[in-house]
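One structure is given here, and the rest of the page talks about it.
The values are calculated or read from the model by the stated rules, or taken from the named source; none is laboratory data. Quick caveat, the model's predicted, so the values are computed rather than measured. Neighbour counts run over all protein chains shown; Cβ positions are idealised from the backbone, glycine included. Ligands, DNA and RNA are stripped out before the accessible areas are found, and what is left, the full protein with its side chains, is counted by its heavy atoms. Shrake-Rupley method; radii C 1.70, N 1.55, O 1.52, S 1.80 Å.
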Amino acid sequence: MTTLNEQPAVTPTASRFSVQGLSKRFGNLVVADDIHIDLTPGARMALIGPNGAGKSTFVNLVTGLLTPSSGRIVLDGEDITTMSASRRVRNGLVRSFQVTRLFRELTVADNIRLAVLQERQQYMRLFSGLANTPGLDEEVQRILNELNIRDRASSLVHNLAYGEQRLVEIALVLALKPKVLLLDEPAAGVPDSESDLILEAVGNLPKDLAVLLIEHDMDLVFSFAEQIAVLVNGAVMATGTPQEIAHNETVRNIYLGKGH
Amino acid sequence: MGTLINILIDGVVYGLLLFMIAVGLTITMGLMRFINLAHGVFAMLGGYAAIWLIRQMGLPWLPGVIIAVLAIAAISVPLERWLVSRVYQRPPLDQVLLTIGIVFCMVAISGLVFGTRVSSMPFPEFLSGSLDLGFKVLPAQRILVVSVGVASFVGLWLLLEKTRFGIQLRATVDNVQTASAMGINTRRVATLAFALGAGMAALGGIVGSALMPIEPYYPLTYMVLFLAVVAVGGQGNLTGTLVGALLLGMIDTATKYLAPQLSSILFFVAIIVIISLRPNGLFGRAAV
Amino acid sequence: MTQTTVKPSLALGTLHTGRLPIPELIALVVGLGCFFAFPSNLGFMTEIVIMILLVLSLDLLLGYTGIASLGQAAMFGGGAYCAGLFALHIHNDPLLGLIMAALFGGLMAGVSGLLFLRAHGLSFIILTIAFGSLTFAVANQLNWLTGGDDGLYGYIMAPLFGAFEFDFFGRTGFLYSLGILLVVFYGLRRLVNSPFGLSAQGIREDRQRMTSLGFPVYRVMLMIYIIAGAIAGIAGALSAQTIQVVGLQSLSFTMSAEALVMLILGGTGRLYGAVIGTVVFMVVHHYAADLDPSTWMLVIGLMLIAVVLFLPKGMVQLVDMTRNKVSRLNGGAGHDNSK
Ligand SMILES: Nc1ncnc2c1ncn2[C@@H]1O[C@H](COP(=O)(O)OP(=O)(O)O)[C@@H](O)[C@H]1O
Ligand SMILES: [Mg+2]
């Protein structure tokens, strides 16, 4: 109890993002079963599990696209369980989509511009041209360069190869300058030749950003994660360091067994 | 008390009529997510066909009605195959525009062919009388609406629950992809359901012609009403549609009894309030 | 793409145009040309200008934001009655009336949008139709105020700027309407090319993705709905002030549907599409004036079906097709900008 007085800052910094007892049922199907997950600032956690385990559903639940049946979601000490989906994003909780979701009829630059406009709160400028929006083009430039897609800036998104679209998807989430980032299979559907770019982008994420990565590629998971959670049938079956998970018998049987 | 009973009875009559006409709409919307603003056209055409067959061709009443209903169902098949199905995969707006186009065409053609005034439906002797319930005198035509309406609901329920076609239909409503993966010919199901809905609407248009007179602007006049039944009852939901239809029928009747001057205003306010509070229907799941 | 120093936003691949009022100047020249060329058709041309404004408001909703409304006539008629009543009972200055109508149209849109914009698809469409029917029923009911079936009349507009009488030939009316159109068009062009306009297009492309980018989508849509309502109100006011009668049909479903037809005919999502569609529709209507109303309705219906089936992007699609053909003939690569 005395620690409360001496170190008031402990609680907020210890956990940037925590999910407590999150559950969700679709009729009889339990897709999230009492999930607990905790991310500290700078955390690198991977969420793995077979197809249909409920990983994407978990992301939908915590970002507010689905309403949980029970449980609590806390971001920076604030309970966000009932907060609107868009305010969660403005508060720093950002996700990417497993299946690319972009503005297909807009250019790559305009896609990124949208994210930047939101992050800089400049979208309510009604009559000033985009080119006259202070700092906008510089920021878009920076992101285009960072992901090496500058030469695609003026292409319409639907004319891009899928791998390039995945990079734009990542560009959007980076442009939002998140505090907590949930990446749902960022390399899914990307040909091996192009996946390096995405791995590189994931590897270069800001150090203080808390990241939860959903991924099937075990090499990537083990090189990236400091912590791994295994989700099976909506329930977290095991959590631990990569070593612990790699040596966990049950996990090996149920999940890793297939690939190794 | 007397007014209340009147509202209740007339509301049920009106509600059952709305159910008959709108049920086809709810099925096609549930099946193909197809927004059809032209559904009222079938009710109107049913009315015109029956009037023509009975008055002009001199058919007896019952055969005239049956042939009219079958004819409208038959006409709807090429319409679905060649026109409507082409926009199933298109954005809702295209469906809206196409079906408004159909409405405008049919309103215009009906006006040119049948004249712009109300065409009165002939009814046989035994349906022109009325039944004295003691507390209320009920015209026989309303009893007809109630009996046909109840029979329609029961018939449709049995069709959906007990027949092979019903199972296929429900599976397709549930999920088109899964259904067609299971080997169901979803195109055929959609066409048959469309024809079924058109026939039901025609039947409703005929038996309800005393409440909703047959005239060229029929599809436009009642467009909001039919669509609202579906929006309130939930797309693809048989019982929901019945409840929605009864509710709206009751509200409309109540406003006509209690504030005849303001009835249409109050009715639109009620529709707006209900749908904006429950945009996914009374029983709808939340939008995902 | 080369790294030469083009305008920064072009280098970054935006397809938006600059801020010079060139389209407005062209429209002004064309408008004045028509003014001198067809002096006996000024009433009809004024009607076209007014409809263009209404269709532009719909384009902002549908073409740029993806909000499919079938009740835009509510705001148009609302603005018309507001301007008429304002002139009759309070003050007959046209610009003052125009401002009142814009505010009233915006207010109607604000109140209805607050309720409606949470609904999607079918529900939203029904709500907008029902709102149109409601305003029609209300105007009909309040016939002591609106004149009901007979229409609202008996007001005489004061001279524009205190100097220009609304003359019998409709010269002032046309130039006044044209001027307002140009101002609104310029404002809209700035709007759709602004950060706010880009956000609208994001909403059109994928509402849920915008939410996941942190946009308060509902609030942005509400603002656009209000702006579109104000523009429709302005169009209604111009109609009330130049014709000096307001009828119930200004609130009718047919009005909303016709405006939608004009927009679809021209092509959504481009302001000039709204202009082209309206002009073509109105001119066809004008020359089909001999047809009885039923036949005309048949024409509209067939036009709708044909556009949906064969020309889903409207007449601007024809422009694009010819442009691509020309550029191919010139040996240039077909450009991929479908915007
Ligand atoms: N809206 C929904 N309604 C019913 N079941 C759903 C819904 N969304 C997802 N599911 C089910 O939840 C389970 C988990 O899906 P998902 O989260 O996509 O798994 P993962 O991302 O781990 O592959 C699946 O069985 C899926 O069918
Ligand atoms: Mg998934």
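For the stretch A:103-175, carbon and sulfur atoms together expose 47% of the accessible surface, with a 1.4 angstrom probe and every protein chain in place. Note on the stretch A:103-175: with charges restricted to the Cβ of Lys and Arg (+1) and Asp and Glu (-1), its dipole about the Cα centre is near 80 debye.
Give me the dipole magnitude in Debye, nearest 20, for the stretch B:2-277 about the Cα centre, with unit charges on the beta carbon: positive for Lys and Arg, negative for Asp and Glu. If you can, show how the numbers build up before the last one.
On the way: 14 positive and 9 negative charges, 109 e Å.
Using only the charged Cβ atoms, the result is roughly 520 debye.
Only helices reaching 18 angstrom along their own axis (Cα) with mean Kyte-Doolittle hydropathy no lower than 1.0 count here, and for the DSSP H runs of chain C these are C:22-37, C:42-58, C:94-116, C:121-141, C:171-192, C:217-243, C:253-266, C:271-287, C:293-310.
With the simple model of a label 7 Å out from the Cα in the direction of the Cβ, A:N253 to C:Q208 spans 3.7 nm.
Straight-line cross-link partners of C:K325 among the aspartates and glutamates, defined as a Cα under 16 Å from its Cα and at least 8 positions apart when in the same chain: C:D336. For chain A, the relative contact order works out to 26 percent when only alpha carbon pairs closer than 8 Å and six or more residues apart are counted.
Scanning chain B for long hydrophobic helices, with DSSP H runs required to stretch 20 angstrom or more by C-alpha along their axis and to average at least 0.5 on the Kyte-Doolittle scale, returns B:2-32, B:61-82, B:92-114, B:140-162, B:186-207, B:238-258, B:263-277. Shielding of peptide A:97-110 by partners, expressed as the average count of other chain Cβ atoms within 10 Å per residue Cβ, is 5. A Cβ-based charge dipole, computed about the Cα centre of chain A with Lys and Arg at +1 and Asp and Glu at -1, lands at about 760 debye. Only one residue of B:I102, B:G204, B:T163 has its Cα farthest out toward the positive end of the dipole of chain B, where Lys and Arg carry +1 and Asp and Glu -1 on Cβ, and that residue is B:T163. Can you pick out the pairs among A:K179/C:K313; A:K55/C:K313; A:K55/A:K177 whose Cα atoms lie more than 30 Å from each other? In this structure, A:K179/C:K313; A:K55/C:K313 exceed 30 Å between Cα atoms.
Based on protein heavy atoms only, the stretch C:20-330 ends up with 38 Å² per residue of surface accessible to a 1.4 Å probe.
Less than 12 Å from a label point 7 Å out along the Cα-to-Cβ axis of C:N140: which backbone N atoms in the stretch C:93-134 qualify, by residue? C:133-134, by backbone N distance to the label point. Here is the list for the stretch A:148-255: trypsin sites (Lys or Arg not before Pro) lying in DSSP coil, each with at most 11 other C-beta atoms within 10 angstrom of its C-beta, are A:K207.
Here's the picture: charge each Lys and Arg Cβ at +1 and each Asp and Glu Cβ at -1 in chain A, and of A:H216, A:P191, A:N51 the one pushed furthest to the positive end of that dipole is A:N51. Projecting the Cα atoms of B:I143, B:I251, B:V84 onto the dipole axis of the stretch B:2-277, where Lys and Arg carry +1 and Asp and Glu carry -1 at the beta carbon, places B:V84 farthest toward the positive end. Over the stretch A:103-175, Cα pairs under 8 Å with separation of 6+ residues give a relative contact order of 51 percent. Peptides A:181-194, C:76-89, ordered by how many other C-beta atoms sit within 10 Å of their residues on average, highest first, read C:76-89, A:181-194. For the pair the stretch A:75-95 / the stretch B:243-270, the C-alpha centres are spaced 43 Å from each other.
Using a probe radius of 1.4 Å on protein heavy atoms only, what is the accessible area buried between chains C and A, both sides summed, to the nearest 100 Å²?
Details: alone 17550 and 13080 Å², together 26830 Å².
Chains C and A together bury approximately 3800 Å².
Summed over the residues of the stretch B:1-125 and divided among them, the accessible surface reaches 38 Å² per residue at a probe radius of 1.4 Å.
Peptide A:116-127 has a mean shielding of 6, counted as Cβ atoms of other protein chains within 10 Å of each residue's Cβ. Estimated from the Cβ-Cβ distance and a Förster radius of 35 angstrom, the FRET efficiency linking C:A158 and C:I22 is about 0.55.
Max-minus-min Cα coordinates of the stretch B:2-277 on each principal axis give 57, 47, 37 Å, with the largest extent listed first. Charge tally for A:G71 (other residues, Cβ to Cβ under 9 Å; Lys, Arg +1; Asp, Glu -1): +1.
Is there a simple number for the mean count of other chain Cβ atoms within 10 Å of the Cβ of residues in C:62-75, and what is it?
Numbers: counts 1, 0, 0, 0, 2, 0, 7, 0, 7, 0, 0, 0, 0, 0.
Going residue by residue through C:62-75 and averaging, the value is 1.
Of all DSSP beta bridges confined to the protein assembly as shown, the antiparallel ones make up roughly 65%.
Taking the protein heavy atoms of the stretch B:204-288 in the context of the full set of protein chains, the accessible area attributed to carbon and sulfur is 65 percent at 1.4 Å. Bridgeable aspartates and glutamates around B:K256 (alpha carbons under 19 Å apart, same-chain partners fewer than 8 residues away excluded): B:D10. Spin-label pair B:T239-B:L159: with each label point 7 Å from Cα along the Cα-Cβ axis, the two points sit 2.0 nm from one another. Entry note, the stretch C:20-330: relative contact order of 33 percent, from Cα contacts under 8 Å with a spacing of 6+ residues. For the chain pair C and B, the interface hides roughly 3500 square angstrom of accessible area in total, found with a 1.4 Å probe.
Determine the share of the stretch C:20-330's accessible area contributed by carbon and sulfur atoms, expressed in whole percent, with a 1.4 angstrom probe. Write out the running numbers ahead of the final one.
On the way: 8360 of 11840 Å².
About 71 percent, which is the carbon plus sulfur part of the accessible surface.
For the pair the stretch A:178-194 / the stretch B:114-154, the C-alpha centres are spaced 65 Å from each other. Taking amide H positions as modeled 1.01 Å from N, with prolines and chain starts lacking one, the residues under 5 Å from C:L70 and 5 or more places away or on another chain are C:T128, C:I129.
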